[in-house]
Structure formats: C-alpha cells, structure tokens
1. Roll a 1.4 angstrom probe over the protein heavy atoms and tell me the percent of accessible area of the chain that is carbon or sulfur.
2. What range in the chain is the longest one free of GluC sites (Glu not before Pro) that are in a loop by DSSP and have at most 16 other Cβ atoms within 10 angstrom?
3. If we count trypsin sites (Lys or Arg not before Pro) as exposed when they sit in a DSSP loop and have at most 14 other beta carbons within 10 Å, what is the longest stretch of the chain that avoids them all?
4. How would the chain be classified by its alpha-carbon gyration tensor: rounded, prolate or oblate, with rounded meaning a/c under 1.5 and the a/b versus b/c comparison settling the rest?
5. Run lengths n ≥ 4 of DSSP H only: what is the helix-derived mean residue ellipticity at 222 nm for the chain, with -39500 (n - 2.57) per run over all residues, to the nearest 500?
6. To the nearest 10 square angstrom, what accessible area does Asp88 show with a 1.4 Å probe?
7. Rounded, prolate or oblate: pick one for the stretch 64-115, where a ≥ b ≥ c are the square roots of the eigenvalues of its C-alpha gyration tensor, a/c under 1.5 means rounded, and failing that, prolate if a/b is larger than b/c, else oblate.
8. Report relative contact order for the stretch 48-115 in percent, whole number only (criteria: Cα-Cα under 8 Å, sequence separation at least 6).
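The values are calculated or read from the model by the stated rules, or taken from the named source; none is laboratory data. Small disclaimer: the values here were computed from a predicted structure and weren't measured. Cβ sites come from the backbone with ideal geometry, for glycine too, and all protein chains shown count toward neighbours. Remember, those area values only see protein heavy atoms, side chains included, never the ligands or the DNA or RNA. Shrake-Rupley method; radii C 1.70, N 1.55, O 1.52, S 1.80 Å.
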Amino acid sequence: MKYMLLIYGDPAAYTDPAAGEKLMGEYGAFTQAIIESGEFVAGDPLQGSETATVVRSRDGQISTTDGPFVETKEYLGGYYVVDVKDLDRAIEVASQIPDSRTGGIEVRPLMDIPG
C-alpha cells in the first residue's frame, strides 16, 4: 500500500550551517535505507512557503495569490511516497524521518483509482 509521508518541520533547524549539514546527512542516510528496502517510491524537499503560489478557479476566472503564509512554527517542507505492507510499517518508516524528532510527519494513504 502506498502512503504519502508529509514532513512538517521547523525552518530554524536549517539556519545553523553545521546543524543543517548534519540533518541533510541524516536525510541522505534515511533515503538510502528506504531505497535499499524497496519501499521508496518518490520524495523531495520543497522550497519555502514564501515561493508558493495558490491558484483558485471560480466561475471560469483564475486567480493567484502568494502564499500560503505560514503562521506556525512548523511548515510543510517535503514529502516521501513509500510502498509498504500496512499502516504500521508506514508509521515505523515515518518515525525514522529526521524531522520527526522536532516536527511532525503526517502519514496519509494514497487513494487507489481504478482503471
């Protein structure tokens, strides 16, 4: 079963160059481990929310705004998609993501769309 692991973290964790480099090394090791286990489907870090654009389509009119503007300590910073046997394994994998120690990982099953 495929799950998306949405990574919510504190951007302050990356402001100290040495701590940021250590954290990126941990992400590299984690990613390599799930690639080797055959559970990795996809994953990428996201640029900051200040680079985002929100698109809305209403009555044939398209509008865009900057944002969303993050008003919390944690923000969506990246994701993994994993293919694992069940929710318990997805939770186990999510708990190994480095940002799970200081932020939170949302585990959400992907919907199967027939045909």
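1. 55 percent
2. Longest gap between qualifying sites, sites excluded: 1-70.
3. 1-72
4. Details: a/c = 2.33, a/b = 1.16, b/c = 2.00.
Oblate.
5. After summing the helix terms and dividing by the residues of the chain, the value is -8000 deg cm²/dmol.
6. 110 Å²
7. Working: a/c = 3.43, a/b = 1.30, b/c = 2.65.
Verdict is oblate for the stretch 64-115.
8. On the way: 45 pairs, mean separation 13.8, N = 68.
For the stretch 48-115, the relative contact order is 20 percent.
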